[in-house]
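Before we start, here is the structure in question, set down as structure tokens.
The values are calculated or read from the model by the stated rules, or taken from the named source; none is laboratory data. Because the structure is predicted, anything quoted here is derived from the model rather than measured. Glycine also receives a Cβ, built like all others from the backbone with ideal geometry; neighbour counts cover every protein chain displayed. SASA here: full protein model, heavy atoms, side chains in, ligands and nucleic acids out. Shrake-Rupley method; radii C 1.70, N 1.55, O 1.52, S 1.80 Å.
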Amino acid sequence: MRGSIRSGFKPDEVDAVAYVFSAEIEKSLERIRGVSRVAAKVLELGDFRAGLEETVLVYDPGKKPPRIILSGAGSRSDWLDAVERLRVGVASAIKLARSRKQVKKLGIIVSEGLVEAAAAEAGVGTDWVVEQLMVAADMANYAYSLRGREEPPHVLTEIGVVPGTEDAAERARAIAEGVRVARDIGNAPPSDMNPVRLEHFARELAERLGLGIRVLHRGDLETLGMGGILAVGRGSDVEPRLIILEYNGGDETVALVGKAVTFDAGGLDLKPPQSMLEMKYDKCGGATAIGAIVAAARLKLPLRIVALIPVVENLPSGRSYKPLDVIRMYNGTTVEIGNTDAEGRLILADALAYAAEKYNPRLIMDYATLTGAAVVALGNHAAAMFSNNEEAAKRVEEAAKRAGEPVWRLPLWPVYAKQLESKVADTNNVGGRPAGAITAAKFLEKFVEDKPWIHLDIAGVAWVQEKGPWKPYYPGGATGWGVRTTIELLRLLKSTNKR
Ligand code: BES
Ligand code: MN
Ligand code: ZN
């Protein structure tokens, strides 16, 4: 695997060593003096203050390796906890190392005591902190690369982390692969990852990881009455489908549902060109569900996990579904189409209803780049979270905090449902401009049968946009947002069970 993460490294086998410091510079000075007088001079002169995302590269000809990177982990703040600041410190070092073609192998040393301090602050073990730093390291070292590209982007071939155990590295590689898979799906050009291609991609993954896979095609969807997926998919020459992946590690079931619109042109309610330019990323919700099940399977988590990914292209054509059409969903609900560009909720609705009915899930979690309104509300630094269940909501908030993937809960008050009323069907698929992220969630709520349910609108965070999210472990393009939160949540579900 490219850019593999491991615990420890040999100084004479790496091209550069990076030291991650917190902003308590005095202690660091003592430490670095023992390492390199050149590096110590940089600190003495005040050229490096170990602020967040602050880095320097110094050359010490007497040392092996001669390249020394100093990277800051900042100081206390309300916005980033100690673990997240260390992730930023590690990731910034990698970002700098990647800017030098000569650096292929990197050793990272997190200054003594920082891991312990972060673990104490977060109330977790040091081994978990190390694992998280290793995941961040791999995320910072990611590049999407089209096959056969002449000059692929520069990535490090090896990253060794100190302190670190091989156990932590093994878990980190599992989680990091989930993030990579999610990013690869999100970043793929839309025609390279259309519904057929995504099915093939999922089949290869399932084969490699020993996951169960079932794919429902047009005929199956017709038999089942999945009118949402069928309607949205009708405008494309590539037929829609519902991919179902299964990992069997235990008795209790968690269902992960992800929106995969491999390209969202808007349908007959066509998007303007500028908005359409980002819509290959409309498959990022499905990508997260797939990435999460990959990581969970590699971690051998003691749960049954079912990932349900409705996959469509939303295109205008002579066969497209139309505004004012009335369609019938898997659970029998009829929907008047107010706007063909509100397609995500239609495909999710069928998948959610199917998950609720067939799998007896303890929890259903969905991910979707669902609304521009979620971006207007929270910008590019937090996902909008919705839930019909207080317990589940609290746990996801905790998991997201641990993962460094902020969520902010918005309400599902009954009054918002009024905006969805239709004269000719059970509901409309749109509720007007006000509270657009909430009315979309209210629509989804009709399809989960009161099962504990979490909806994450990741429209603002699923890929790096003009205004964020900005983290040194997001090199650009798809972020894989939600994979790590899901892993933390699944671990949390199991640990609280035992009490
Ligand atoms: N995929 C879009 C939502 C989106 C827009 C995500 C911009 C990220 C950035 C979704 O399918 C959509 O088009 N939603 C409409 C809903 C509206 C028609 C009610 C939107 O948000 O404008
Ligand atoms: Mn749309
Ligand atoms: Zn969409």
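Tell me the carbon and sulfur percent of the accessible area for the chain, rounded to whole percent, probe radius 1.4 Å.
Details: 10070 of 20070 Å².
Carbon plus sulfur share of accessible area: 50 percent.
Another question, if that's okay. Given H placed on each backbone N at 1.01 Å, which residues far from V448 in sequence or on other chains put an amide H within less than 5 Å of it?
Under 5 Å from the amide H of V448 lies no amide H from a residue far enough along the sequence or on another chain.
Can you bin region 244-361 into rounded, prolate or oblate? Criterion: square roots of the alpha carbon gyration tensor eigenvalues sorted a ≥ b ≥ c, rounded for a/c under 1.5, prolate for a/b above b/c, oblate for the rest.
Numbers: a/c = 3.97, a/b = 1.67, b/c = 2.38.
The shape class here is oblate.
Taking H placed 1.01 Å from N in the peptide plane, check which residues at least 5 places from D325 or on another chain put their amide H under 5 Å from its amide H.
Distant-sequence amide H within range of D325: I337.
Okay, next question. Angle check, please: helix 483-498 long axis (alpha carbons) against the longest principal axis of the chain (alpha carbons), in degrees 0 to 90, nearest 10.
90 degrees
Also, quick follow-up: Give me the one-decimal nm value for the distance between modelled label points at V196 and L224, 7 Å along each residue's Cα-to-Cβ direction.
Placing both labels 7 Å along Cα→Cβ, they lie 2.2 nm apart.
Return one whole number: the accessible area per residue of region 178-498 in Å², for a 1.4 Å probe. Don't jump to the answer; show the numbers that get you there.
Details: 11590 Å² over 321 residues.
Per-residue value: 36 Å².
Between T165 and H217, what is the FRET efficiency for a Förster distance of 51 Å, r being their Cβ-Cβ separation, to the nearest 0.05? Don't skip to the end; give the middle numbers.
Working: r = 45 Å, r/R0 = 0.89.
FRET efficiency, T165 to H217: 0.65.
Ranked highest first by average number of other Cβ atoms within 10 Å, how do 208-218, 73-83 line up?
Working: 208-218: 14.8, 73-83: 16.5.
Result, highest mean first: 73-83, 208-218.
Could I ask something else about it? In whole Hz and in residue order, list the ³J(HN,Hα) couplings for region 377-382 that follow from phi through the Karplus curve 6.51 cos²θ - 1.76 cosθ + 1.60, θ = phi - 60°; x for Gly and Pro.
6, 10, x, 10, 10, 7
Is the shape of region 4-164 best called rounded, prolate or oblate, per the rule: a/c under 1.5 gives rounded, else a/b larger than b/c gives prolate, else oblate, with a ≥ b ≥ c the square roots of the Cα gyration tensor eigenvalues?
Oblate.
Next question, about the same structure. For E398 and R203, FRET efficiency with R0 = 25 Å and r from the beta-carbon atoms, rounded to 0.05?
Rounded to the nearest 0.05, the efficiency is 0.15.
Assuming a ≥ b ≥ c are the square roots of the Cα gyration tensor eigenvalues, decide whether region 346-492 counts as rounded (a/c under 1.5), prolate (otherwise, with a/b larger than b/c) or oblate.
Note, shape of region 346-492 comes out oblate.
Of the peptides 364-371, 425-432, how do they stack up when ordered by the mean number of other Cβ atoms within 10 Å, highest first?
Details: 364-371: 29.1, 425-432: 20.0.
In decreasing order of mean packing, 364-371, 425-432 become 364-371, 425-432.
Nearest 10 degrees is fine. How inclined is helix 195-209 to the longest principal axis of the chain, computing both from alpha carbons?
Between the helix axis and the principal axis of the chain, the angle is about 50 degrees.
Between region 445-488 and region 9-66, what's the alpha-carbon centroid distance in Å?
35 Å
Which peptide among 387-393, 15-21, 256-262, 277-283 comes first, and what is the full order, when sorted by highest mean count of other Cβ atoms within 10 Å? Present the calculation step by step, with values, prior to reporting the outcome.
On the way: 387-393: 16.9, 15-21: 24.6, 256-262: 31.3, 277-283: 22.0.
Result, highest mean Cβ count within 10 Å first: 256-262, 15-21, 277-283, 387-393.
For region 4-164, with every protein chain kept in place, what is the accessible area per residue (1.4 Å probe, Å²)? Let's see the in-between values first.
Values: 7500 Å² over 161 residues.
Solvent-accessible surface per residue comes out at 47 Å².
Something else about it: Report the far tail of the P(r) of the chain, meaning the percent of Cα-Cα pairs longer than 42 Å. Spell out each step's value before the answer.
On the way: 24400 of 124251 pairs.
Summing the P(r) of the chain above 42 Å gives 20 percent of all pairs.
With each label point set 7 Å from Cα along the Cα-Cβ vector, what nm distance links L29 and V124?
3.3 nm
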